[in-house]
Amino acid sequence: MYSKKLARLAFGVLAESTFKCPLTRSVSSRVNAARSLCSWTLCLHHRQKNQLSEGFSRRLTRLNVRTVSQTTVDPAEVRKFQAMASKWWDLQGDFAALHSMNDLRVPFIRDNLLNMHGIQQLGKPLAGLRILDVGCGGGVLSEPLGRLGTDVLGIDPVEDSVRTAELHSSYDPDLRERVRYQACTLEELAEEEAEGFHAVVASEVVEHLADLDAFASCCQQVLKPGGSLFITTINKTNLSYVFGIVAAEQLLRIVPSGTHDWEKFISPEDLERLLESFGFYVEAIRGMMYNPLTGAWSWQQNTAINYALHAIKCKEEPQPGQVWAESENLDKPGRATNYS
Amino acid sequence: MFTFAKARLAVLGTGRRCVALRAFSGALRGVASSESNEESSTSENQLFDVIISGGGMVGTAMACSLGLDPNLAGKKILLLEAGHKKEMDRVPETYSTRVSSISPGSATLLSGTDLCSFCNVLSVWDACSDALITFDKENLQDEMAYIVENDVIVAALTKQLQTLSDHVKVQYRTKVVKYTWPRPYHVSESIPWVQVTLANGKTLHTKLLIGADGPNSMVRREAGIPTVKWNYDQSAVVAVLHLSEPTENNVAWQRFLPTGPIAMLPLSDTESSLVWSTSHQHAEELLQLDEESFVDAINSAFWSNENHSELVETAGSLFRTALSVLMPDSGSARQLPPSVAGIGPKSRVMFPLGMGHATEYIRHRVAIIGDAAHRVHPLAGQGANLGFGDVAYLTKVLSQAAFNGKDLGAMQHLLEFETERQRHNLPMMAAVDLMKRLYSTNAAPVVLLRTFGLQATNALPPLKEQIMAYASK
């Protein structure tokens, strides 16, 4: 589970020395403290403190506005990425758990979208819908969504992953038409595609973000009114520290040490509050559990470690009295324009 | 169990009470006569979602089943068959020799409940003793099994396929010469699909190959799937029998001779189908006999008591008495099998028997079903039913996978299919093989053992119900 998240370099963590190459365990163990600095950040030109939850401090000490082309990855790293990039689609390989997470994610997304839009067509239940897959990696989630009939745009800052994804989907004529990939940032996309998508999926991405506010704001921009936002991420609890950091990183070495920063985990309540402040209504939160013995995921009541969340962009303007009082970002200029 | 929505076997012909089939609305339209259904649009490298290799009963049923599934709507499915298209505008007046007994579970898969040739009772007994077991349902309204000619099944399914021709294509007279397997995970520059090379030089690609090509399956061989198999030293002789007098023919009879079981399956009031498994040499002799001698041989096989020994008879009757004291209500009244007057005009045929089981039913992007995966002795009439069970479960698994947006050839759901079907098939096959071996001998201890066993089983209705339930799935 954790190593799969590694591979999702979405909005990167830009901590200088602690950020390790989030590829696979085998790579990291071979390469001592490999750095992948080809990730990028959502953080704009100033650092924002998140006041919503105590102790939720970002580790950014330096701001870098980078695009993929300005990556400082050295050629050796690029080659390793290239080597690893082919492993995305080895179903029994290092990304096996990410593939098996599809058993939960895809029905979750599909059923919630079907509830809202109804079955479009037999055999292609989600035909006609547009979905944005943020941090798509090798396209592990984009492809099943494409097979269900949606038009998927997968974005990822890592060009090699995007290339792998494109290559993999190029063989299948069905997917070729429906699934597109782009190596870019969410902000860049938000400028072009305002209100263009029925749903945004950010799976195993939020725990790597530098700036959740900007992420939420961009999601809000690209979604149509009434559109859905699907997030899967890790909770910030003692249990997630024990299992996600200590067990997975240090004891069992499922992920290289330092990949996850417990400070960046976010609890469902905090995430819910954050999203509500950006004009979302959180419709469902469900806990997920990974069984390392069987390699299978299952739903559970408890959201202590992993959870999935479904939020909907509010259609109408929220009442000023209700929402704005909770939001603590009143100093942001031009905020009102977000609620269009 | 997946049910064909509104599938009906076509009603064709008249005056045949036995195979009452109802037309699928519109099925009779476009029963085209063109022999080859060559796709005019088949380009050199057309990619299909599913290719089914082998258009027998199980292969054609698989194609129909996939074509009718709502979650697989829009998927491109192709059926490849080396033989001719089996069309029947009318059910022929005479029965053909190959028939199958279709369990109610398979019948649900295949059609509505319009098959009239049913058998209500299955009566099995030992030639070496008087032990008899009768499987019957309390309420004789329910059928235990349907006896249907294989050709009729295939023709009806073919007709059904024609209504699905927008996404299910069939190519007849098509022989496959080579399969090329994909790598387990795709490497750039290699094609990730299964490549099927035909005799006419074309190459087709598919995301999932289903092998339904019979006991000598090329798919299984080329995939390198190890198979556990052995030949029984037996061949089965099949023929159509005319009974000496019309009777309410709803009992299937099977007698275990030391050379092998002889079975009579009802087709109509006056006709039954014969399946006589015996040694190769005896089978050849039977084929050479003239009609009268053949009929005599059949009758004596059913009626004669030459294999009884004193010891076994005494022991058997003692046991029966004991049972009747313990369980006075058990056992139904003993019926007698009908006697045979003649045989049908189509010639008798024989085919060798064997047992086979593939150790794996699946590989990456490949699945095998039907006789390609498992082959049994016909003594229990289960061969076709196991195949139809495979069809139903594989359709269910693929349907769910498609609804989850999965790649149809992915191992995860194929493994689920394999596990479930092996769990069901293996006990059945083991039981059939055991029965065959148990009844192949004349030795007194074994005969005594099976005599007691059979009588005891006959006296225990719950046990019989369990057996019937398992066989009916």
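Every number in this text was worked out from the coordinates using simple rules, so none of it is lab data. Quantities reported herein were computed from a predicted structural model and do not represent experimental measurements. Neighbour counts run over all protein chains shown; Cβ positions are idealised from the backbone, glycine included.
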| Taking R0 as 25 Å, what's the FRET efficiency between B:Q335 and B:Y470 from their Cβ-Cβ distance, rounded to 0.05? | 0.55
| said: Run the simple label-point estimate for A:A194 and B:A430 please: 7 Å along Cα→C-beta, distance reported in nm. | reply: 7.0 nm
| In nanometres, what is the gap between the two model label sites at A:D103 and B:A199, each 7 Å from Cα along Cα-to-Cβ? | 4.3 nm
| remark: the stretch A:131-190 and the stretch B:273-301 have their Cα centres apart by a whole-number Å value of 67 Å
| Inter-chain Cβ neighbour average for residues A:165-176, partner chain, 10 Å | 3
| remark: Computed about the Cα centre, the charge dipole of the stretch A:147-273 from +1 Lys/Arg and -1 Asp/Glu charges at the Cβ has a magnitude in debye, to the nearest 20, of 480 debye
| the stretch B:159-185 to the stretch B:410-434: how many Å between their Cα centroids? | 24 Å
| said: Considering all projection directions equally, how large on average is the shadow of the alpha-carbon convex hull of the stretch B:244-331, in square nanometres? | reply: 7.6 nm²
| remark: The set of residues whose placed amide H lies less than 5 Å from the amide H of A:C136, leaving out same-chain residues fewer than 5 positions away, is A:I155, A:D156
| field | Where a label projected 7 Å from the Cα of A:E283 along Cα→Cβ would reach, residues of the stretch A:219-243 with amide N under 13 Å | value | A:224-231
| said: Run the numbers for B:A73 and B:T94: contour at 0.36 nm per residue of separation, minus the present Cα-Cα distance, in nm. | reply: 3.7 nm
| Out-of-range pairs (alpha-carbon distance over 21 Å; input B:K178/B:K207; A:K124/B:K178; B:K86/B:K169; A:K224/B:K75; B:K85/B:K175; B:K207/B:K406) | A:K124/B:K178; A:K224/B:K75
| message | Can you compute the modelled spin-label distance between A:W262 and B:V177, with each label point 7 Å from Cα toward Cβ, in nm? | response | 6.6 nm
| note | With x for Gly and Pro, the residue-by-residue ³J(HN,Hα) of the stretch B:290-302, computed from phi through the Karplus equation 6.51 cos²θ - 1.76 cosθ + 1.60 at θ = phi - 60° and given in whole Hz, is 6, 4, 5, 5, 5, 4, 4, 4, 5, 4, 5, 4, 7
